[in-house]
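Structure first, commentary second.
The values are calculated or read from the model by the stated rules, or taken from the named source; none is laboratory data. Please read all numbers here as calculations on a predicted model, not as lab measurements. Heads up, the Cβs are rebuilt from the backbone with ideal geometry, glycines too, and the neighbour counts pull from every protein chain shown.
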Amino acid sequence: MLAKSVSFAKGVKADYIRTLRKRVGEYFEENHISKYGNWRMAVKTIAMLSFLLVPYLTLLFAGITNGWIVALLYAAIGVGQAGVGFSVMHDACHGSFSKYPWLNKIFSYTMNFVGGNASLWKIQHNVLHHSFTNVEGLDEDIAPPAWLLRFSPHAKRYWIHRLQHIYGWGFYALGTLSWATTKDFTGLFKYKRDGLLNKKDGPFSFLLTKVILWKVVYYAYILVLPLILVPVSWWVVLIGFLVMHLVAGLLVGIVFQTAHVMPQTQFPVPSEDGTLENNWAVHQVLTTMNFAPKSHIFAWYIGGLNFQIEHHLFPNICHIHYKKISKIVKETTLEFGLPYQSKQYFLGALWEHAKMLRSLGRPAVQAS
């Protein structure tokens, strides 16, 4: 299925998003604030980069000879990598980090420094996931290798999926390692085939060269330099590198998957002519789940991604504003007779996600 062949219905609750945008816009105007990041975002960026750089520089230059401490420092780097992804890269790639496009571009490259690729992320996440959330065949967030995990009732079920609620967390933990090794390359060739590459980024050969060079930079600083400078056996560094990715991957996986692969969220299917039954905004509300709306430290660390409904409706607004506008979004959504799906606690949402994985692994949960 190609993204270009699928469209949204236009007449279903068409006033919803117009009304919502008007009300949210009035909030920013009345309070004389920008929808972009401010000093709070600057402070958070420094903090998140410090979470990554401080343990990394300690690893390189503290002369550590204890393997356990090396592993712990790499784990801390993993926490920092995930934090940079949640709170800095994510907004920058959406263009909401700053009102200055050049700053958004610079900080979007933090994705490259944690193992991924900003240009390919924008296609996979901004274009496909944010447009066609939970649509089988288009949303790559619900499209792991089919024989490993089943995230949609419309995906083919294999016998091993009966156990995915047990082993699935391990594959979440391997997610960032996949980005750092094969995913960007397979994505690049797929997007070329589907006509999704941005022509402004240059010819395919140039994009491929850039992906390769960024991978070289990433592995040089995160693996080669520690192998040279840290006074421990090479295999200790390799184990630490793996621990880093397991930590970062698990954090990223549980946050993003808990927002969409839930018993309460829908998995729409286009009609024969390629039309989805709702307009884009209604589609986002029906396929998205909030969690832990009253949290502070947790929400700060994950870049406001607990307010996924707000993020999907307003990806061009910096996440530091989501909590404030969530009241407007909730009231307007309910006013139009739509569900505003939210779990009070993250652990409760995670438990529901685990139940959804178990349900999707059973034979009964198979789309006709």
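Go through the residues of the stretch 157-172 one by one and say whether even a single one is under 30 Å from residue 113 (Cα atoms), of a type in the set (Phe, Trp, Tyr) and either in contact with a His (Cβ under 7 Å, 6 or more places away or on another chain) or part of a loop (DSSP other than H, G, I, E, B) (or both).
Of all residues in the stretch 157-172, those under 30 Å from residue 113 (Cα atoms) come to 167-172.
Those still in the list that are of a type in the set (Phe, Trp, Tyr) too: 167, 169, 171-172.
After this cut, where a residue has to be either in contact with a His (Cβ under 7 Å, 6 or more places away or on another chain) or part of a loop (DSSP other than H, G, I, E, B) (or both) as well, the list is none.
The answer is no, given that none of the residues of the stretch 157-172 is under 30 Å from residue 113 (Cα atoms), of a type in the set (Phe, Trp, Tyr) and either in contact with a His (Cβ under 7 Å, 6 or more places away or on another chain) or part of a loop (DSSP other than H, G, I, E, B) (or both).
Here is the figure for the stretch 6-32: residues that are surrounded by fewer than 13 Cβ atoms within 10 Å (Cβ to Cβ), touching a residue at least 24 places away in the same chain (Cβ under 8 Å) and under 30 Å from residue 89 (Cβ atoms) total 0.
Is one or more of the residues making up the stretch 70-77 under 20 Å from residue 179 (Cα atoms) and among the aromatic types (Phe, Trp, Tyr)? It would help to see each step written out before you state the result.
Our first condition is that a residue be under 20 Å from residue 179 (Cα atoms); within the stretch 70-77, this holds for 74-77.
Narrowing the set further to residues that are among the aromatic types (Phe, Trp, Tyr) leaves 74.
Yes.
Does the stretch 176-224 hold any residues that are within 27 Å of residue 243 (Cα to Cα), small (Gly, Ala, Ser) and exposed (fewer than 13 other Cβ atoms within 10 Å of the Cβ), and which are they? Within the stretch 176-224, 220 is the sole residue that qualifies. Count of the stretch 248-304 residues, restricted to those that are on the phi > 0 side of the Ramachandran plot, touching a strand residue (DSSP E or B) at 6+ places or on another chain (Cβ under 9 Å) and crowded, with 18+ Cβ neighbours inside 10 Å, is 1. Applying a threshold of 7 Å to beta carbon distances and a minimum spacing of six or more residues, or different chains, the list of pairs starting in the stretch 49-60 at a residue that is within 13 Å of residue 84 (Cα to Cα) and ending at one that is modelled with pLDDT of 95 or more and among the polar types (S, T, N, Q) reads 52/81. If you check 343, 355, which single one turns out to be surrounded by fewer than 17 Cβ atoms within 10 Å (Cβ to Cβ), more than 15 Å from the chain's Cα centre (by Cα) and more than 23 Å from residue 34 (Cβ to Cβ)? Going through 343, 355 in turn, the sole match is 355. List pairs: first in the stretch 291-315 and within 21 Å of residue 49 (Cα to Cα) and at pLDDT 95 or above, second in a helix (DSSP H, G or I) and among the hydroxyl-bearing types (Ser, Thr, Tyr), Cβ under 6 Å, 6+ apart or cross-chain? If the second residue must be in a helix (DSSP H, G or I) and among the hydroxyl-bearing types (Ser, Thr, Tyr), the pairs left are 303/87; 304/322. Listed by position, the helices (runs of 4 or more DSSP H) enclosed by the stretch 49-129 that each have at least 1 residues that are of a type in the set (Asp, Glu) are 90-94. Among residues of the stretch 189-213 that are under 16 Å from residue 109 (Cβ atoms), those with a beta-carbon under 6 Å from a residue that is exposed (fewer than 15 other Cβ atoms within 10 Å of the Cβ) at least six positions away or on a different chain give the pairs 207/201.
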